[in-house]
Each structure stands twice: as C-alpha cells, then as structure tokens.
Amino acid sequence: MATWTNRERGLAIGMLVGALTLGSASPHLLNVIGGIGDWQRTLLLAGGIAAVGGAIVAVAIREGPLQTAAPRFHWRHVTAILRERPILLANLGYLGHMWELYAAWTWLPLFLLASFEARGIAAYWAGLVAFAAIGIGGIGCIVAGALADWLGRTTITIASMAISSGCALVIGMTFGGNPWLTTGIALLWGLTIIADSAQFSTAISELAPPGLIGTALALQTSLGFLLTLITIWLIPPLVALVGWHWAFSILAIGPVIGMWAMMTLRRSPAAARLAGGRR
C-alpha cells in the first residue's frame, strides 16, 4: 500500500487494516451462522475464506510505482532503526496500542457471553455483538485514516487511544448489567481500539529511511505481536482475582503510555515528515 500511495497513505493503509479487522471479526459471525458450539464448520469456513484471500494476493497484488530498492537484510539495519528517536517514539505508541488490542479482541467475546448469560440472554446475541464490536473497527480504520491525512497522525492516534483506554476502564463496570449499555461501550471500544493502528505503520513508512521501510515495519509488527502474548495471558488470572468488573482495566496502561509517546513525537521536528506536515 505504501508503494501505491503518498498523499493519502493513511487512508490506504487504514483500508488495509480495516480489512484485517473485518477478517478478525468474521469467525464470530461464522460461529453464529454455523451454530454456537459447531467449531468444525466455523474453522472450515474461516479457512476457506483465508484461501480465497491468498489466491487474490497471488493473482492481483503487485508493488506500486513508489517502490524503492531495498538492501539485503542485515542486523545492523535493525540497530540503525532503533537509534532513530522519532521511530522509537512511533514504535512505543504502537506498543501501547498493541498492549490493549489483542487482549481485548481475545477476551471481549467471552466477557460478553458471561455478561449476557448473567442476564439470561442467549449466547447467540453475545456472538453477534462480538462480531459487531470487532468488525466496526474496520470503519474506524478507514475514517481515522482519512482524518489522519487531513488532521495529522499524532492527533488521531492520541484521540483514539484516549477513547479506547476510557472504554477499557469502564466496560467492566457494566458486567451483568444493562445489555444495551454493555453493547454500546463495546461498539465504541471496538471502533476506536483499532482505528489508530494503521497510522503507526504509516508513520513508520514516513519516518524510516526509504530503503529500510520494510525492515522498520517488520520490527514494529513483530515487537507488537510479541507484547500481545503478555496481556492475552494476563486477563484470565485477573478475572479469577478481581472478576470481569476490573480485569480489563489493566489494558488502559498501554494507551496511556502510547499517548505520551505520540505527544512527544508531535513536538519533535521529525513530525513535519508525517502526513505532509500535518502532525
């Protein structure tokens, strides 16, 4: 996407991450369609859709005219990237975002199931809300991408993390309560928790030296997914210790750190390279 776009790169990569988000939500819808508990059909349908996606990539996806020649990988490229303070700040913002994202995506469906069951609501509805709460993030990615190209990368990432961290703090308080309130906060959380994701990748593509963009993005992504292992693992012990009412609160720590990182990057001269000077 970066090789095909320049001025509207935030929107383009937002569309890419939005597609990823909808794909991440789709198994919950497939599960509802296939019947709760019919995991074989869900996996077969999800695997079939993934195969179609792979075929599309193989047949239709090509590098664009903005492609730059990349040097052969060497570990010194990683150390060179890590010495760049603006890239470090963008990566720290991304890590704060990832601290929250996949733990929420993993455990929100079970939270909804338990919360709805406490109100005597069928599991079917929990599955539909889980799909909607994750899938709505696809819209958030596209809208945030367009706004970031217009208003600035740091502006949108800070705003998204402020809202999502607030949702992480309060959604547990609705456990077993009014299902409409729980659903509303879940939808807002899902809309904002992923909306900023593409903008961290876009920022790296704008801050990194042209020949090292691929290495910089790979480093960012791998560190982010490595971090998710911690928070995904943390939630079940916290549920056992403090219950669903407070378990998600720990996820707010990441966005708070991420906001600090992006505010610091915003004050850096390097921020002038983001979104054509729109910080």
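Its Kirkwood hydrodynamic radius, worked out from the mean inverse distance over all distinct Cα pairs, puts the range 41-95 at 15.3 Å. Summary of packing: across the peptides 55-68, 177-190, the per-residue average of other C-beta atoms within 10 Å ranks them, highest first, as 177-190, 55-68. Within the full protein context, the accessible area of M173 is estimated at about 110 Å² for a probe radius of 1.4 Å. Each Lys and Arg contributes +1 and each Asp and Glu -1, all at the Cβ; summed about the Cα centre of the range 1-112, the dipole is approximately 420 debye. Counting only protein heavy atoms and a probe of 1.4 Å, the accessible surface of the chain is 72% carbon and sulfur.
Sorting 239-250, 85-96 by average packing, meaning the other beta carbons within 10 Å per residue, from highest down gives 85-96, 239-250.
Its Cα centre serving as origin, the chain has a Cβ charge dipole (Lys and Arg +1, Asp and Glu -1) of approximately 760 debye. With an a/c value of 1.5 or above and a/b larger than b/c for the gyration tensor axes a ≥ b ≥ c computed over the alpha-carbon atoms, the chain is described as prolate. With the cut-off at 18 Å, report for the range 132-270 the share of all Cα pairs above it, as a whole percent. So the pairs more than 18 Å apart make up 61 percent of the total in the range 132-270.
Averaged over its residues, the chain has an accessible area of 48 Å² per residue, based on protein heavy atoms and a 1.4 Å probe.
Only helical runs count toward this figure. For the chain, summing -39,500 (n - 2.57) over DSSP H runs of n ≥ 4 and dividing by all residues gives -25500 deg cm²/dmol at 222 nm. For the chain, the membrane-span-like helices by this rule, meaning whole DSSP H stretches whose C-alpha atoms cover at least 27 Å of axis and whose Kyte-Doolittle mean is 1.0 or above, are 9-34, 39-60, 213-242; this says nothing about an actual membrane. In the chain, taking the dipole from charged Cβ atoms about the Cα centre, the farthest positive-side position among W39, L20, G135 is held by L20.
Net charge in the neighbourhood of A126 (other residues with Cβ under 13 Å of its Cβ; Lys, Arg +1, Asp, Glu -1) is 0.
The values are calculated or read from the model by the stated rules, or taken from the named source; none is laboratory data. This structure is a prediction, so every number in the text was calculated from the model and none was measured. In this analysis, Cβ positions are derived from the backbone assuming ideal geometry, glycine residues included, and neighbour counts consider all displayed protein chains. Surface accessibility is based on the protein's heavy atoms, side chains included, excluding ligands, DNA and RNA. Shrake-Rupley method; radii C 1.70, N 1.55, O 1.52, S 1.80 Å.
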